[in-house]
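Please treat every number below as a calculation from the coordinates, not as lab data. All values reported here derive from a predicted model rather than from experimental measurement. So basically every Cβ, Gly included, is an ideal-geometry build from the backbone, and we count neighbours across all protein chains shown.
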Amino acid sequence: MKTDETESGTENVCSLSYLSEIMGGKKNLIKEIMDVFLKQIPEELQCINDSVAKADYPIVKSLAHTMKSSVSIMGISILGPILQEMVDLAKEAENIEKIKGLNLKLNQICMRAISEIETAKHSYV
Amino acid sequence: METEFFKSMSPEEKIIFIVEDSEVYAKSLQTFIQNRFLDVKEIKTFRIGEMCLMELHHNPCIVIMDYFLNSKYKAADNGLEIIKRIKTQRPFTNIIVLSAQEEVEVALETVKQTDCYYIRKDKNAFNKVEHLISQIFNRNNFPAIESLN
């Protein structure tokens, strides 16, 4: 299945066509947004990891919600359902073990996305 | 259901505020609007609604905001509270609420309560924002709520 292949590393997690479209194909602008992403995502991951460790459900919910917007720009569609499930579980303030599992996936996929974007950025100089 | 009512843009200067706690999304939207509307004087972005309220004296003609704000700021007000406060201070400000699909009902309730516009945060959101801004700038009539079908 596509998702499994993506998670196991056989295809890219990012699809940059949306970003390119909204930036009108302008390379300097695309690179600018990539730079914001590369700065923001590690900060957000750190915050969400801390919140999950403390089982701070309201913050997990809010951060997962914010990250949905961030990753949508980079076309990381595989993260949509994962983040939504984190939002839903955190909203009910339950099943921290499940949230931890989802958070692990989130971290793994974000690390791959960061790597892909760092590589792709060279094409947009 | 679509409700139609009329807006007119009063200021000569086109100033847009974006209130969005995802910096990537905010910067993307800001850049997108800058590219599409070259005569816009200024587009400011804010991570929390309170910061936007402090700058309302700049008289933005449009405020675009995510309904669910405040990811990292527990004490900050939510989107609805911020919208109400903007409308109290600047009743003629055009407010565009961006919201994810799963929040449609609550966002539509906000639209009804506060006389603002709603756009679902999906792949067409930026184009819909462009369309709406264009209509506001051209003082055309337009629906308050996008078609949900």
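Miscellaneous remarks
- Listed by Cβ neighbour count within 10 Å, with the fewest neighbours leading, B:HIS57, B:HIS131 appear as B:HIS57, B:HIS131.
- Across all Cα atoms of the stretch A:2-124, the radius of gyration (one decimal) and Dmax (whole number) stand at 14.6, 44 Å.
- Cα Rg over Rh - the stretch B:12-139, Kirkwood: 0.92
- Note: relative contact order over the stretch B:12-139, using C-alpha pairs below 8 Å and six or more positions apart, is 22 percent.
- Annotation: lysines with alpha-carbon distance below 23 angstrom to A:LYS121 (same-chain offsets under eight excluded): A:LYS26, A:LYS27, A:LYS31, A:LYS39, A:LYS68, B:LYS27, B:LYS123.
- Across chain A, the mean sequence separation of Cα contacts (distance under 8 Å, 6 or more residues apart), normalised by length, yields a relative contact order of 34 percent.
- Converting phi to 3J(HN,Hα) with the Karplus coefficients 6.51, -1.76 and 1.60 and the offset θ = phi - 60°, the stretch A:116-124 yields 4, 6, 4, 5, 5, 4, 4, 7, 10 Hz in sequence order, with x at every glycine or proline.
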